[in-house]
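The values are calculated or read from the model by the stated rules, or taken from the named source; none is laboratory data. All figures in this text were calculated on a predicted structure; none of them were measured in a lab. Positions of Cβ are generated from backbone atoms using ideal geometry, with glycine treated the same way; all protein chains shown enter the neighbour counts.
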Number of protein chains: 2
Amino acid sequence: MANIKDVAKAAGVSVSTVSRVINDSASVVPDKRQAVLTAMEALQYRPNSLARALVNSRSDCVGLLVGEIDSPFFGALMAGVHHVVHDSGKHVIVTAGYHHIEKERDSIRFLLDRRCDALVIHSKALPDDELVRLLELDIPIIIVNRLIKGWEHRCVYLDNEYGAYLATRHLLSKGHRDIAYIGTNIAIEDGADRVHGYRRALEEFSIPFNERKVVRTFPDEEGGHNAMAEVVSRDLGVTAVFTYNDAMAAGAITMLQDSGHRVPEEISVVGFDDVILARLLNPRLTTIRYPVYEMGALAARIVLHQLDSKFARADQPLRFTPRLIERQSVRDVAPVAV
Amino acid sequence: MANIKDVAKAAGVSVSTVSRVINDSASVVPDKRQAVLTAMEALQYRPNSLARALVNSRSDCVGLLVGEIDSPFFGALMAGVHHVVHDSGKHVIVTAGYHHIEKERDSIRFLLDRRCDALVIHSKALPDDELVRLLELDIPIIIVNRLIKGWEHRCVYLDNEYGAYLATRHLLSKGHRDIAYIGTNIAIEDGADRVHGYRRALEEFSIPFNERKVVRTFPDEEGGHNAMAEVVSRDLGVTAVFTYNDAMAAGAITMLQDSGHRVPEEISVVGFDDVILARLLNPRLTTIRYPVYEMGALAARIVLHQLDSKFARADQPLRFTPRLIERQSVRDVAPVAV
DNA sequence: ATCGCATTTGAAAACGTTTTCAAGATTGAA
DNA sequence: TTCAATCTTGAAAACGTTTTCAAATGCGAT
């Protein structure tokens with residue numbers, strides 16, 4: 001591959017001059033400029049971005065750590081980040097941590113080694129103090145989907161407690177009184193928050209919390225399926241289920257339908273996230289909207305701004321509020337005022 | 001951030017020595033090695049991968065171009081590539097082209113500028129000759145999901161014609177005689193191939209091809225929904241539909257159910273791709289399995305091999321064969337021998 | 001013609017690595 | 001003790017850029 005020297009030689013000028021026309025960082029007389037341009041064209045010259053990044057100490061890359069590369073949830077997160085980063089002429093490097101501490105660590109190391117200008121991080125496995133150590137680095141970093149105490153201004157997160165509260169309250173307002181919660185078995189803050197929201201709604205309706213009505217499994221479709229089977233087998237007279245995410249809801253619905261239960265006639269289901277799947281299930285899933293695309297976009301906007309204030313500043317709060325999306329998976333048992 | 005000189009100074013050795021212990025590329029006496037190690041630790045030193053890539057002309061990165069960053073199909077493709085590339089200690093840089101010629105071009109340029117060691121490309125928009133020009137570069141490149149004549153050994157692709165044939169034949173063998181095809185309106189080879197497969201199966205059963213039974217829209221859920229509405233409105237006595245992909249099938253099913261038609265009792269549906277969604281729909285979708293994860297993994301294995309023969313060689317053929325996955329969206333009208 | 005000033009140019013240093021090369025230190029055998 | 005052979009080491013060049021700085025050129029006014 002041709003380099004800048006080849007171009008300089010071909011155009012009969014110095015490398016400095018070539019550099020100047022590439023970046024037009026200074027004026028060059030028209031005929032030399034033209035000579036350089038044609039030489040670049042002829043040699044199919046493309047500047048080596050590594051060399052450029054080395055001297056500029058700017059790679060024009062934003063690093064992004066997600067949980068998995070293939071999942072509607074992270075797909076939306078990636079899309080949000082990609083969108084705004086590309087709009088600013090920069091690029092994204094994505095890595096996945098698979099909710100595994102070592103992989104998350106490696107991924108972040110990789111992004112840092114690559115000299116990304118900024119980072120957007122979704123981490124479930126890394127402990128707070130390790131993330132704080134990152135935040136203390138002097139590179140723009142935003143943590144997505146997690147709140148670290150004392151670092152609220154660097155975290156773009158959702159009010160999980162309120163989301164779970166909304167979902168549960170919705171079920172209660174539709175007359176349900178025996179509501180199971182299918183949660184995640186990975187020890188992570190949003191899991192705990194959602195249990196709190198569930199309990200708070202229950203309390204508001206003076207319904208005692210029953211530990212037997214919550215079962216925790218791996219937060220995917222299969223986990224939801226198994227958990228639902230467990231709930232059914234416990235025979236607690238449950239008329240509704242609230243799940244940690246839509247994938248689990250899908251698994252739960254499948255399990256119910258396969259075992260001859262009708263949804264929502266016999267058992268109502270509310271999910272969480274509102275991934276695309278939710279609209280496609282039958283019955284269409286009533287769920288809590290998690291604006292993950294918007295959150296990714298906001299995170300990206302913030303790091304870009306920190307990097308270079310010529311990018312639009314984000315004045316929005318970093319805390320997002322979930323919303324109930326009513327579809328068809330909840331039956332109205334006996335309406336009650338909220 | 002500390003650089004190699006700082007480490008050298010701290011350890012009281014030359015940069016060459018530090019480099020040697022980093023890569024252990026030559027022997028260093030134990031006490032100096034230790035001194036270097038502790039200095040690196042103390043300074044939290046991390047080699048600058050850009051500088052390293054510059055001198056080695058090896059970035060240890062594989063570039064990947066996909067259609068969209070958020071879609072189950074490309075999610076699986078990315079996951080396949082990521083998996084094998086990570087296993088070899090290298091990394092992936094993903095870009096998305098959104099099926100748009102300019103964006104695809106830009107993305108590839110970016111990956112090349114970044115000096116990726118190898119590329120895996122999924123392109124729908126770029127013309128053959130432009131891709132050929134890429135393949136002629138002396139860097140390992142594999143094209144996924146597209147067959148370029150004369151370059152079969154560089155293309156990992158699916159037998160689309162056969163997939164469509166399989167789907168249509170399945171419907172025919174279940175007694176369906178009036179089968180609509182909901183196709184893609186983007187002019188791309190696999191679209192045409194699938195129409196051919198559909199026609200071939202029809203011919204085999206001596207059923208005349210009826211242009212009115214095929215409608216083409218944008219290949220997503222909404223497109224499927226609209227296309228299905230169109231098919232219904234044409235009132236052609238259709239008892240089954242085969243769609244270009246699962247998302248369209250989902251849209252079609254939603255449309256049918258919303259307008260009071262039962263699936264599969266009134267109308268049977270067969271999709272294409274077998275993305276995760278297919279298992280979750282109700283009824284579960286009978287579809288054609290597109291082994292995209294495996295194809296991504298194979299493409300990655302090949303470029304890695306070309307890069308450095310120490311990675312396992314791929315002896316498999318580059319052409320994948322689709323398979324029918326029977327689930328519940330097809331009704332048996334009147335069995336007929338295949 | 002000459003002077004001064006502004007514009008355009010190229011040489012060289014810098015970015016942070018790896019690697020080559022030659023020199024210095026160490027070892028073992030005679 | 002000496003010599004050769006082997007190990008270990010550091011200086012310097014290289015990778016492909018950008019940028020600083022000083023020199024060269026061009027221009028208008030005198």
### Query
B:L65 passes all but one of (1) within 16 Å of DNA strand C (Cβ to nearest atom); (2) part of a strand (DSSP E or B); which number fails?
(1)
### Message
I'm checking my understanding of the structure. Among residues of the stretch B:37-71 that are closer than 30 Å to B:E221 by Cβ and out of contact with any Asp or Glu (no Cβ under 7 Å at 6 or more places or on another chain), which one is nearest to DNA strand D (Cβ to nearest atom)?
### Response
B:G63
### Message
Quick check on my filter: what residues within the stretch A:24-55 are free of Cβ contacts under 8 Å to residues at least 12 places away in the same chain, away from chain B (no Cβ under 14 Å) and surrounded by 14 or more Cβ atoms within 10 Å (Cβ to Cβ)?
### Response
A:V28
### Message
Restricting to the stretch B:9-21, give me the number of residues that are in contact (Cβ under 8 Å) with a residue 12 or more places away in the chain and either assigned to a helix (DSSP H, G or I) or within 9 Å of DNA strand C (Cβ to nearest atom) (or both).
### Response
6
### Summary
So the helices (runs of 4 or more DSSP H) completely within the stretch B:118-230 holding 3 or more residues that are of a type in the set (D, E) are B:128-136, B:189-204
### Task
Mind listing whichever residues of the stretch A:232-264 are of a type outside the set (S, T, N, Q), more than 14 Å from every other protein chain (Cβ to nearest Cβ) and touching a residue at least 60 places away in the same chain (Cβ under 8 Å)?
A:V238, A:A240, A:V241, A:F242, A:Y244
### Task
Return the residue satisfying two criteria in turn: it lies in the stretch B:75-99 and is in a helix (DSSP H, G or I) and more than 8 Å from chain A (Cβ to nearest Cβ), and of such residues it is nearest to B:A247 (Cα to Cα).
B:L77
### Task
Could you list all residues from the stretch A:275-291 that are part of a helix (DSSP H, G or I), facing another protein chain (nearest Cβ under 10 Å) and in contact (Cβ under 8 Å) with a residue 12 or more places away in the chain?
A:L277, A:R279
### Summary
Of (1) surrounded by fewer than 18 Cβ atoms within 10 Å (Cβ to Cβ); (2) in contact with a helix residue (DSSP H, G or I) (Cβ under 6 Å, 6 or more places away or on another chain); (3) within 11 Å of chain A (Cβ to nearest Cβ), B:R58 fails just (2)
#### Entry: Hits in the stretch B:22-46 - residues which are modelled with pLDDT under 95, within 8 Å of DNA strand C (Cβ to nearest atom) and among the hydroxyl-bearing types (S, T, Y)
B:S25
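Residue-by-condition table, conditions (1) modelled with pLDDT of 95 or more; (2) in contact with a Cys (Cβ under 9 Å, 6 or more places away or on another chain); (3) away from every other protein chain (no Cβ under 12 Å); (4) on the phi > 0 side of the Ramachandran plot:
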| residue | (1), (2), (3), (4) |
| --- | --- |
| A:L119 | yes, no, yes, no |
| A:K124 | no, no, yes, no |
| A:V132 | yes, no, yes, no |
| A:I148 | no, yes, yes, no |
